[in-house]
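Structure, as structure tokens:
Since every read-out is calculated from the coordinates, none of them should be taken as a lab result. Note that the coordinates shown come from a computational prediction; the quantities given were computed from them, not determined experimentally. Cβ coordinates were reconstructed from backbone atoms using ideal geometry, including for glycine residues, and neighbour counts include every protein chain displayed.
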Amino acid sequence: MAQSTKVQQPKPHIAEEWVGRVYTGICIFILIVAIFSMVYFVASRGLRTFIGDGVNPLELLTGLKWNPGGEPALFGALPFIFGSFSTSILAALIAGPLGFCAAVFMVEIMPGFGRKFLQPVIELLAGIPSVVYGFVGLSVIVPLFRDIFPGQGIGIAAGALVLSVMILPTITTIATDALAALPSGLKEGSYALGATRWQTIYRIVLPTMLPALLTGIVLGIARAFGEALAVQMVIGNAPHIPRSLFESTSTLTSAITQSMGNTVMGSAHNNALWSLALILMLMTFVFVFIVRWLEGRSKI
Amino acid sequence: MMALVLTFVLAACGQSNNNGTNNGGNGGNTTNNATQGSGNAGGNAENEGNAGANEGNAASELSGSIIASGSSALQPLVDQASRKFMDENPGVTIQVQGGGSGTGLAQVSEKQVDIGNSDVYAEEKLDADKAAELVDHQVAVVAMAAVVNPEVTVDNLTKQQLIDIFSGNVTNWSEVGGQDQAIQIVNRPSSSGTRATFETYALGMKTEDLQGSIQEDSSGTVRKLVGETPGAIGYLALSYLDDSVKTLQYDGVDATEENVANGTYPIWAYEHMYTNGEPNEVVAAFLEFMMSPDVQEDDVVELGYIPSSLMQIERDQGGNVTEK
């Protein structure tokens with residue numbers, strides 16, 4: 001009896017070990033294949049503009065005129081790049097302070113109410129489909145801006161405001177986690193030295209969690225950079241660099257979504273859209289690297 | 001049984017030839033389709049027992065699957081007709097996908113789908129040799145009208161006035177007989193089939209995207225923006241017109257179904273369903289169904305398209321109009 005248990009005992013362990021290993025291995029393999037084929041697909045399509053259609057990469061990055069279907073075909077994507085950067089960075093400038101304050105409120109000021117009610121509500125924002133954001137932007141924000149500011153209400157300002165609400169959950173969640181992970185000794189030390197609550201938050205808490213907050217903001221920018229539908233509905237989509245925040249302009253994503261279905265795979269216009277997608281992907285890589293770098297600097 | 005089905009295949013092909021105006025199919029594809037057809041016939045034999053319930057209706061013995069993709073403007077019609085067709089032919093499944101005219105044409109050209117729906121002629125999107133392989137089936141006509149914000153006082157625009165507005169030479173409504181208000185253009189993206197139709201038949205020229213103009217791909221968004229933005233002008237398919245926007249006359253002609261049918265109103269386009277070579281049995285039966293009074297007089301009208309049968313004129317790709 002005793003002998004048989006001794007013999008049998010190691011078996012499930014080995015089996016479990018192998019099941020776990022094989023399962024993880026398969027998952028990782030699928031992930032890697034999926035990511036690499038995606039990168040390869042976008043890159044191979046996107047590079048065709050330069051190799052097959054003979055467009056100068058510099059022209060794509062710095063050209064001001066976009067008319068790939070015209071005679072002659074023009075592939076200046078700078079207005080889109082400008083539009084993408086300006087809307088996402090402006091959105092982060094709006095959402096960053098809001099997210100930080102929400103996090104401070106939920107962790108420091110009213111943890112009970114904040115964590116129980118406010119946090120789920122803010123996280124709920126992440127689950128709302130982007131077409132809803134776009135429609136709310138088109139129905140509420142655009143008419144409001146049209147009444148207050150010169151212009152038609154559409155443009156970078158409307159896009160940035162819609163995006164700021166969309167990226168608020170990302171920034172708030174990361175800031176809240178960082179704040180909650182802050183060693184209590186830091187704050188207690190500050191209080192012991194006679195600092196008030198606001199002095200502590202401003203002088204001790206904010207500088208310490210700044211890298212984490214910036215990580216959240218960069219992830220938010222990356223999210224805003226890739227958002228297509230909501231922005232497309234409120235930005236106007238003219239392929240020009242606007243003269244004000246309230247004039248029609250375009251982003252990389254909105255240019256892609258507007259024309260991808262209307263163009264034929266393999267045509268110069270379609271390839272140019274893939275090049276825009278390639279620029280988007282490379283920018284996302286840059287954002288990921290910035291996040292890694294910020295995480296490395298984290299003081300917590 | 002086999003002979004009966006094959007007779008039907010031939011009959012269906014013949015009929016669809018009469019319906020399509022462009023018979024550019026090549027021989028290679030026809031053989032291909034014939035093999036597919038006999039494959040389906042084999043499948044039919046197995047389903048014979050079920051089909052027996054609907055006796056007398058040859059179409060009910062069909063089985064197979066059809067995938068159609070392309071134009072989002074044509075999608076609701078094909079989708080609605082396909083559901084009717086599937087009710088009558090339980091053995092057939094039809095999937096209708098959107099994606100845009102370009103996607104539909106590219107996919108049917110590469111044989112990824114059976115039918116490519118398009119707002120424009122294949123020749124405008126595909127290379128000439130690829131377009132030549134496709135067979136055109138014009139299932140409906142869609143007409144468009146220039147629309148403005150309801151507060152704009154202009155009722156009629158001439159072709160030259162529209163050209164001036166959309167090319168940026170005229171930027172205030174007072175220059176075309178309206179109140180003193182800036183004109184806001186609500187356009188479609190340059191790749192859009194709707195824009196191509198409007199530029200070809202209303203303006204007669206291509207226009208550039210102007211600084212400050214708005215571009216939206218979806219008709220619903222265009223209508224909303226034109227209806228809400230002061231001084232806005234855009235263009236919509238007749239099925240999208242309602243009280244939120246004001247419809248303009250073009251050169252003094254109202255945008256109505258009768259005026260399109262008798263040829264006095266020029267801003268319209270055929271809705272195309274392309275097949276790669278001659279269609280196989282099931283696809284041919286479906287295309288024939290699309291042209292039948294069942295669909296033409298019911299769904300086509302209901303969804304705001306104009307039935308091809310109503311058209312008193314014909315127009316080829318070059319824009320040459322002939323009496324039917």
Running Debye on chain A with equal point scatterers at the Cα sites and no solvent, what base-10 log of I(q)/I(0) appears at q = 0.10 Å⁻¹? -0.71
Region A:246-300 and region A:48-73 have their Cα centres apart by a whole-number Å value of 17
Calculate the radius of gyration of the Cα atoms of region A:80-249 to one decimal place, then report Dmax, the largest Cα-Cα distance, as a whole number, both in Å. 18.1, 58
With +1 on the Cβ of every Lys and Arg and -1 on the Cβ of every Asp and Glu, and nothing else charged, how large is the dipole of chain A about its Cα centre, in debye rounded to the nearest 20? 600
To the nearest whole number, what is the average tally of beta carbon atoms from other chains within 10 Å of the beta carbons of peptide A:270-277? 1
Taking the Cα centre of region A:80-249 as the origin and placing charges on Cβ (Lys, Arg +1; Asp, Glu -1), which of A:L161, A:L186, A:I221 is farthest toward the positive end of the dipole? A:L186
Cα-centred dipole magnitude for the protein assembly as shown, charges only on beta-carbon of K, R (+1) and D, E (-1), debye, nearest 20: 3880
In 10 Å bins starting at 0, how do the alpha-carbon pair distances of region A:175-300 split up by percent? 12, 27, 23, 18, 13, 6, 1
Quick one: which of B:K159/B:K224; B:K224/B:K324; A:K116/A:K187; B:K130/B:K324; B:K84/B:K246 span more than 27 angstrom between C-alpha atoms? B:K224/B:K324; B:K130/B:K324; B:K84/B:K246
What is the spin-label model distance, in nm, from A:M281 to A:L186 if the labels are put 7 Å beyond Cα along the C-beta direction? 3.8
How many Cβ atoms of partner chains, on average, are near each residue of A:234-247 if near means within 10 Å of its Cβ? 4
With the dipole of the protein assembly as shown worked out from charges on the C-beta (+1 for Lys and Arg, -1 for Asp and Glu) around the Cα centre, which of B:Y121, B:A143, A:I51 lies farthest toward the positive end? A:I51
Calculated from DSSP helices alone, with each H run of at least 4 adding -39500 (n - 2.57) and the total divided by the residues of the protein assembly as shown, [θ]222 nm to the nearest 500 comes to -16000 deg cm²/dmol
Residue span A:W293 to A:F149: 0.36 nm per residue of separation minus Cα-Cα distance leaves a gain in nm of 47.9 nm
Give me the orientation-averaged projected area of the Cα convex hull of region A:27-91, in nm², one decimal. 6.5
Please express the Cα-Cα pair-distance distribution P(r) of region A:242-281 as a list of whole percents, one per 5 Å bin, running from 0 to the bin with the greatest distance. 6, 24, 27, 18, 12, 10, 3, 0
Any number yet on Rg/Rh for the protein assembly as shown, C-alpha, Kirkwood? 1.06
Let's test this: bin the Cα-Cα distances of region B:125-247 at 5 Å from zero up to the farthest pair and state each bin's percent. 2, 11, 21, 23, 20, 10, 5, 4, 3, 1, 0
For a quick check: with amide H placed at 1.01 Å from N, whose amide H comes under 5 Å from B:E278's, ignoring anything fewer than 5 positions away on the same chain? B:N26, B:T30
Of every Cα-Cα pair in region A:93-176, the percent that sits beyond 19 Å: 45
Most packed first (mean Cβ within 10 Å per residue), the peptides A:96-103, B:201-208 order as A:96-103, B:201-208
Sort out for me the Cα centre separation of region B:139-159 from region A:76-123, rounded to whole Å. 43
With no solvent and one equal point scatterer placed on each C-alpha of region B:53-197, evaluate the Debye formula and give log10 I(q)/I(0) for q = 0.20 Å⁻¹, two decimals. -1.14
In this structure, the FRET efficiency calculated for A:M110 and A:C27 from their beta-carbon separation, with R0 = 51 Å, to the nearest 0.05, is 0.80
